[in-house]
Amino acid sequence: MTSLEDLISTWAAKFRTHPDGSRLPAHHAACLGCGENNPHGHHLRVHREGDGVVARHTFDERHVGAPGIAHGGAVAAVVDDFYGFLLYLTDGPAVTRNLVLDYLAPVLLGVEYELRANITRTEGRKLFVEATMSEVATSRRVVCSTALFLKVDVGHFLQGEPTGSFGQGSGQ
């Protein structure tokens, strides 16, 4: 069983230099966006590319909104989690303050998309970021996004200590 404090203590190793081209570690095993142990998750696999990050993702029937189309909330969750990998290129954690998505075309189920993100500027604790999502086969851009993240101390996350063991199934 892993407590939230134990999980946070492992984050220090994640906020370090990652070589260009390397796969970046999941935020934690139960993460909705990238956790390998979350049966409802997206299981993102993200790589560093220069000063940014890149991933490929295919939405499936678990993410349906309208028939054949990914739910906008599922798309937003993927983009938000994807931004979190940019934080591994900075000196510590941050949280989403503002997230804006422009849906340029339907995000279809069963189609492979490429996501790209980078930090556009920093101002004190503020990290301004941008991302795109494009069809791999056609390069057609389907989503553009901007967001503002605020750097926080890891103690910020201790506010979310759940009842029971963090990252373990609740059986519900």
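Some points to look at:
- D_trans [Stokes-Einstein, Kirkwood Rh over alpha-carbon pairs] for the range 4-160, 25 °C, 0.890 mPa s, µm² s⁻¹: 154
- Principal semi-axes in Å for the range 37-104 [√(5λ), Cα gyration tensor, largest first]: 23, 14, 12
Taken together, the values in this text are just the output of simple stated rules run on the coordinates, not laboratory data. Computed from a predicted model, the values in this text were never measured in an experiment.
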